[in-house]
Amino acid sequence: MAAPSPSRTSDWWRDAVIYQVYPRSFADGDGDGTGDLAGVRARLPHLAALGVDAVWFTPWYDSPMVDGGYDVADYRAVDPAFGTLDEAEKLIAEAAALGLRVIVDIVPNHVSDQHAWFREALAAGPGSAARERFHFRPGRGERGELPPNDWPSQFSGSTWTRVPDGEWYLHLFTPEQPDLNWSHPDVRREHEEVLRFWFERGVAGVRVDSAALLTKDPDLRDFTEGVDPHPYIDLDEIHDVYRSWRAVADEYGGVFVGEVWLPDAERFARYLRPDELHTAFNFTFLACPWEPDRLRATIDSTLAEHAPVHAPATWVLCNHDVTRTATRYGRADTAFDFATKRFGTPADLELGTRRARAAALLTLALPGSVYVYQGEELGLPEADIPLDRIQDPMHFRSGGTDPGRDGCRVPLPWEAEAPSYGFGPPPGTEPWLPQPADWARYAVDRQLADPGSMLTLYRTALELRRTERGFGDGPMDWIPAADGVLAFTRDHGLTCVVNLSAEPATLPPHTALLLVSGPMGADGTLPPDTAAWLRA
Ligand code: NOJ
């Protein structure tokens with residue numbers, strides 16, 4: 001039977017499971033040590049067999065890779081390290097043939113300093129029209145030797161770099177990522193054309209990078225803690241941008257997922273009004289510690305904040321920017337916070353993995369869509385990267401205190417016995433980041449043969465989520481449970497119980513036990529840090 005071709009007219013995104021591919025580290029098709037589109041195409045059957053609905057690719061565009069591709073030099077070209085535009089088109093078609101939708105990543109806040117516009121702006125000099133597409137300003141101080149304002153960078157340090165003619169330009173991230181001026185009509189026009197370019201090539205959706213940062217205070221006023229509104233986070237004008245983007249997406253039946261880090265639930269929900277973005281990542285849930293009361297409160301506030309705008313929630317445990325789930329849940333502090341990341345934080349991986357398994361069943365049973373970051377289905381831990389191999393600018397800009405994000409970006413292990421665990425390069429060619437020596441046990445082939453593996457758990461859970469009634473979009477209700485136990489029902493008596501207490505928990509009455517994240521107690525109880533799906 002032919003695989004179903006993904007339809008772009010339904011509300012598939014309201015309860016989809018979306019797999020995140022970091023192309024540099026997924027699979028290396030040409031053997032140079034860097035993952036690429038050929039590698040992804042060869043491994044698409046893994047994703048189809050896993051049972052996800054869509055695949056989000058972090059940027060594959062032409063880029064000097066100063067920030068892992070989030071420094072885009074040309075949105076209409078694929079980086080030669082990854083392949084060609086023709087291959088991207090083939091990949092989109094092959095994914096569709098397997099029933100998988102493709103989501104690309106658009107980075108509207110900034111471009112690479114190698115982008116044609118920025119090179120033109122540098123050459124054109126102060127006062128030129130080409131500089132107006134960016135934020136160029138004279139400096140402060142007697143000779144303009146001080147930056148134009150005091151905005152702190154998202155990656156530590158200053159947000160301003162001075163060019164040889166004396167002007168400064170703004171970059172919220174690295175100096176190689178100059179910020180675009182979103183009051184400029186060229187910037188708006190160009191991005192709408194880029195959206196069309198990819199929708200025309202059959203992508204079903206777009207992830208919007210740094211979605212709340214685009215618009216800036218017109219006077220670029222100083223940042224003072226508590227100043228309202230903030231000079232560059234979540235300005236009201238930004239919604240105008242997304243309203244016009246939505247009109248473009250609607251022409252193609254395309255959908256958006258916004259990278260919106262905002263603590264204020266009401267402000268967050270504004271991005272999800274019916275004429276703006278369809279969905280946004282739930283970072284409050286991602287950052288939440290493995291604690292029953294905090295998790296329950298986060299789930300409640302998530303659902304409450306999405307309800308008035310009729311947007312589905314998303315459930316995210318991990319991505320290419322944060323500490324891997326199995327490691328984080330095995331630490332004394334199970335929350336995630338960029339500010340407190342340090343080298344050498346101890347983790348009990350056995351405990352963290354048990355919790356990551358339970359968390360997978362929790363997220364997959366909640367109403368809304370779920371994101372799975374590559375390697376999460378393998379239970380990969382955060383890797384320790386030797387200092388001389390670290391590439392992430394976040395590490396360098398922190399003055400070396402922040403280990404950076406490379407530990408969650410290590411090339412995937414596919415085959416336990418093959419060189420580089422089957423990632424791709426032949427013996428003698430190193431993957432772009434080193435793989436830990438003990439990763440054979442996480443390899444896909446080994447996990448496929450193990451009924452107790454993380455991969456088997458994910459495949460079984462995703463199949464049940466597709467075939468059993470009650471999952472996905474729709475209501476949920478908490479049911480009474482012992483202290484430290486989260487239990488809720490969905491339609492058709494589907495029930496999820498997660499034991500976050502230190503004691504075994506009694507399961508509520510049920511007619512069927514659909515799945516358990518770990519071994520049950522001999523007396524039929526649910527052990528600590530274990531989750532179960534039941535039919536009541
Ligand atoms: C968010 C992306 O996820 C991250 O990887 C990147 O460094 C920043 N945005 C800047 O584009």
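A few comments on the model shown:
- Filtered by the rule that a residue be touching a residue at least 60 places away in the same chain (Cβ under 8 Å) and within 16 Å of the ligand (Cβ to nearest atom), the range 249-278 gives Val257, Tyr271, Leu277.
- So Ala437, is it among the aliphatic types (A, V, I, L, M), part of a loop (DSSP other than H, G, I, E, B), more than 16 Å from the ligand (Cβ to nearest atom) and over 19 Å from the mean Cα position of the chain (by Cα): yes
- In the range 58-73, the residues that are farther than 16 Å from Phe26 by Cβ, within 12 Å of the ligand (Cβ to nearest atom) and not hydroxyl-bearing (Ser, Thr, Tyr): Val66, Asp67, Asp71, Val72
- From the list Asp53, Asp62, Asp32, the one residue that fits, being open to solvent by 10 Å² or more (accessible area, probe 1.4 Å) and within 17 Å of the chain's Cα centre (by Cα), is Asp53.
- Residues that are part of a loop (DSSP other than H, G, I, E, B) and either within 14 Å of the ligand (Cβ to nearest atom) or closer than 17 Å to His230 by Cα (or both), drawn from the range 158-174: Thr159, His171, Leu172, Phe173, Thr174
- Pairs with Cβ under 6 Å, 6+ apart, first in the range 377-389 and outside the structural domain of Val316 (by TED's automatic domain parsing) and in a helix (DSSP H, G or I), second open to solvent by 20 Å² or more (accessible area, probe 1.4 Å) and among the hydroxyl-bearing types (Ser, Thr, Tyr): none
- Test for Val203: is it open to solvent by 10 Å² or more (accessible area, probe 1.4 Å), aliphatic (A, V, I, L, M) and assigned to a loop (DSSP other than H, G, I, E, B): no
- For the range 225-305, the helices (runs of 4 or more DSSP H) that sit wholly inside it and include 2 or more residues that are at pLDDT below 95 are 265-270.
- In this structure, Glu237 does not qualify as surrounded by fewer than 20 Cβ atoms within 10 Å (Cβ to Cβ) and more than 18 Å from Phe268 (Cα to Cα).
- Residues of the range 314-362 satisfying the condition of being in contact with a strand residue (DSSP E or B) (Cβ under 6 Å, 6 or more places away or on another chain) and either part of a loop (DSSP other than H, G, I, E, B) or under 18 Å from Val21 (Cα atoms) (or both): Thr314, Trp315, Val316, Cys318, Asn319
- Of all the residues in the range 93-121, those that are in a helix (DSSP H, G or I) and open to solvent by less than 10 Å² (accessible area, probe 1.4 Å) number 3.
- Of the candidates Phe155, Phe118, Phe82, Phe136, the single residue that is at pLDDT below 95 and not basic (Lys, Arg) is Phe155.
- Subset tally (residues that are open to solvent by 40 Å² or more (accessible area, probe 1.4 Å) and within 16 Å of Gln391 (Cα to Cα)) for the range 424-441: 1
- Per the listing Gly493, Gly470, Gly474, Gly484, the residue uniquely touching a His at 6+ places or on another chain (Cβ under 6 Å) and open to solvent by less than 80 Å² (accessible area, probe 1.4 Å) is Gly470.
The values are calculated or read from the model by the stated rules, or taken from the named source; none is laboratory data. Quantities reported herein were computed from a predicted structural model and do not represent experimental measurements. Neighbour counts are summed over all protein chains in view; Cβ atoms, including those assigned to glycine, are modelled from backbone coordinates with ideal geometry. These accessible areas exclude ligands, DNA and RNA; they are computed on the full protein's heavy atoms, side chains included. Shrake-Rupley method; radii C 1.70, N 1.55, O 1.52, S 1.80 Å.
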